[in-house]
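The values are calculated or read from the model by the stated rules, or taken from the named source; none is laboratory data. These numbers were taken from a predicted model, which means no experiment stands behind them. Backbone-built Cβ (ideal geometry, glycine too); neighbour counts: all protein chains shown. Accessible surface areas use protein heavy atoms only, side chains included; no ligands, DNA or RNA. Shrake-Rupley method; radii C 1.70, N 1.55, O 1.52, S 1.80 Å.
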Amino acid sequence: MARKRHEQLIQEVNENLQFLFTECGGKIIANEAIPFPPAFDYAFVTIATKEMLFRIAQGREDLGVSIAPQHAPDDWQELSMVLMAMSTPEGVGSRPAYVFLRDVAQLLRMQIKPLREALSENRWIAISERLTRLYCLPFKEQWEAVNRKI
């Protein structure tokens with residue numbers, strides 16, 4: 001079953017995020033640090049481009065997308081949190097929402113150039129600091145901040 005879920009997710013990724021392969025030179029790579037089979041009926045697909053890594057997690061009717069810069073491949077952050085940190089100097093603002101991979105594709109198509117810049121070695125420190133400030137907020141303020149959606 002785990003292999004079947006993994007293959008289904010690969011197919012969905014290829015259908016919805018094809019531009020990451022054709023326009024950004026992306027390749028599906030091994031899911032390092034994730035045991036196989038994953039727990040709780042999840043499937044994971046990791047895509048590497050020149051500048052970034054994307055990890056798509058799907059299971060139990062949940063979709064998660066994390067992103068890390070190639071120069072800091074263990075610094076995984078949730079995609080919508082990075083997009084929020086990119087758009088607001090204080091790191092707190094409206095958070096983009098996605099439910100399906102087609103939503104992720106739409107977000108990424110609009111934000112791929114700014115994401116490349118934000119994940120560059122020059123800018124990633126500032127984005128990481130914004131995320132850290134957000135994570136340091138008291139829980140109630142974090143919850144309110146991250147749940148303001150566009």
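Observations
- Looking only at region 49-75, residues that are assigned to a strand (DSSP E or B) and either surrounded by 20 or more Cβ atoms within 10 Å (Cβ to Cβ) or not aliphatic (A, V, I, L, M) (or both) come to 14 in all.
- Within region 76-83, not a single residue is open to solvent by less than 20 Å² (accessible area, probe 1.4 Å), in a loop (DSSP other than H, G, I, E, B) and not aliphatic (A, V, I, L, M).
- Total residues in region 7-48 satisfying the condition of being part of a loop (DSSP other than H, G, I, E, B) and buried (at least 18 other Cβ atoms within 10 Å of the Cβ): the figure is 4.
- Residue selected from region 86-105 under the condition part of a helix (DSSP H, G or I) and more than 13 Å from the chain's Cα centre (by Cα), by the criterion modelled with the highest pLDDT: Arg102
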